1. Take the Cβ-Cβ distance between Ile30 and Glu71 as r, set R0 to 45 Å, and report the resulting FRET efficiency rounded to the nearest 0.05.
2. Helix 5-19 versus the longest principal axis of the chain: what is the Cα-based angle in degrees, 0 to 90, to the nearest 10?
3. Which whole number of Å³ per residue matches the convex hull of the alpha-carbon atoms in the chain?
4. Exposed loop trypsin sites (Lys or Arg not before Pro) only (DSSP loop, at most 14 other Cβ atoms within 10 Å): please give the longest stretch of the chain free of them, not including the sites.
5. Multiplying the sequence separation of Lys125 and Thr168 by 0.36 nm and subtracting their Cα-Cα distance, what value in nm do you get?
6. Residues in region 67-94 near a label at Glu155, defined as backbone nitrogen under 12 Å from the 7 Å Cα→Cβ point?
7. Quick one: if you stick a label point 7 Å off each Cα along the C-beta vector at Asn88 and Ser108, how many nm between them?
8. Please calculate how many Å² of accessible area the chain carries per residue, with a 1.4 Å probe and no DNA, RNA or ligand atoms counted.
Amino acid sequence: MKISAVAIALSAAILMAVFVTPAHAHQPVILDEGDGSPSSGPLLPDGTVSYAVYATVANKQARGFRFRLVEGDQLEVQYLISDEAPDNALTPKELPRVTLIDPKGRRSTLKVNERNEFYEPYSRKNYLYLSRIAEQGSPGTYRVIVRGRSVEPVETTIAVGSREVPGTVVN
């Protein structure tokens, strides 16, 4: 008995729909020299959407961006670096300083308080979590500054939000 190509294709489509779930990852945002401060960097209008903001900085270089939260939103920010030499061998004083400025103007530094491994399957890259914040947010616009402190450039990732839905970036 011969099975038609249509029947095979239909069976494959049904199996994929049942057993394959869509893959989600942080939406990438890449900062460059033109993003030297939060005001010149991009705005993420919904800070609950999952973004990965990439900034490579060396000594005294700065990159910045902004994100917004509304009343009742959770503030979720993570600071990561590539788990590759030379980045993963840097001391806390050599790592970029990440400053978070809340909507009321209060500054806080994301302290390097961990070095937990994280494998990111979509880029197939290993990272180290250095700091994480998860708390009730304040409504308004947050500003983030990533400032280099090492002679060598350091690949820095700031993850914002956790909702795996498409988001927008305003440049």
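The values are calculated or read from the model by the stated rules, or taken from the named source; none is laboratory data. Since the model is a prediction, treat every value here as computed from it, not as a measurement. Please note: Cβ atoms are built from the backbone with ideal geometry, for glycine as well, and neighbour counts cover all protein chains shown. To get the accessible areas, we keep the full protein, side chains included, count just its heavy atoms, and leave off ligands, DNA and RNA. Shrake-Rupley method; radii C 1.70, N 1.55, O 1.52, S 1.80 Å.
1. After rounding to 0.05, the efficiency reads 0.90.
2. Taking the Cα atoms of the chain, the angle to 5-19 is about 40 degrees.
3. With only Cα atoms used, the chain gives 158 Å³ per residue.
4. Numbers: sites that count: Lys2, Lys60, Lys93, Lys104, Arg106, Lys111, Arg115, Arg124.
Result, exposed sites excluded: 3-59.
5. Net length gain for the segment: 13.0 nm.
6. 81-88
7. Going from the Asn88 label point to the Ser108 one covers 2.9 nm.
8. Ligands and nucleic acids excluded, the result is 58 Å² per residue.
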